[in-house]
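These notes are about the structure you will find just below.
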Amino acid sequence: MQETDEQLLDAMAAGDMDAMTAFYRRHETRVYRYLMAKLNDSFVAADLLNEVMLDVWRSATRFAGRAKVTTWMLGIANNKVLTYWRKQGRREFTELDDNLTDETPAADLEQAVAAVQDGDRLRAGMQGLSPPHREVLHLVFFEELDYADIANILQVPEGTVKSRVYHAKNLLKKQLARAMRSS
């Protein structure tokens, strides 16, 4: 029977390297995808993945269970990215452009995604979004997290998450519509 994340953290807190290996293997893809969604740099994402997992190892005794393990772990990843950006002199993008006009008012996001059927276009559309938009869509669509968990990870109010999701979906819809028109 496979151990839960909480059981693995307890074992890691006791110094069990096998538990750390199991935990790492279970979550490395998820954390790496999250880091790539924020950074779009595979080398930095790989480095930060290792830093995140090292922090998880060191912090295993302090996990209080107030959030899901994945939410806690992605929160650590988010903090690593913010620290990386501060060291690089980059500021996090925080403003949203609410003045963009919707060129496809009748198009539904799910229909547009289904119509595209081309993973390259979808990835290109996601890359065309600002980091906060790309990140929130990644957490909603690929990590399947709810707004409360995302707010916890990003350390922003839940209303901010809802607003970012709304705007990100609209911007992605526009990106996909443009890609469909140009093909």
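Points to keep in mind about this one:
- In this structure, Glu3 and Arg33 have a Cβ-Cβ separation that, at R0 = 35 Å, corresponds to a calculated FRET efficiency of about 0.95.
- Theoretical FRET efficiency, 1/(1+(r/R0)^6), r = Cβ-Cβ of Ala46 and Tyr166, R0 30 Å, to 0.05: 0.40
- By the rule of a C-alpha distance below 26 Å, with chain neighbours fewer than 8 residues away ignored, the lysines paired with Lys162 are Lys38, Lys68, Lys80, Lys173, Lys174.
- Spacing of the two label points (7 Å from each Cα toward its C-beta) at Asp10 and Arg66, in nm: 2.1
Where a number appears in this text, it was derived from the coordinates with a stated rule and is not lab data. These numbers were taken from a predicted model, which means no experiment stands behind them. Because the Cβ atoms are built from the backbone with ideal geometry, glycine has one as well, and the counts that use them run over all protein chains shown.
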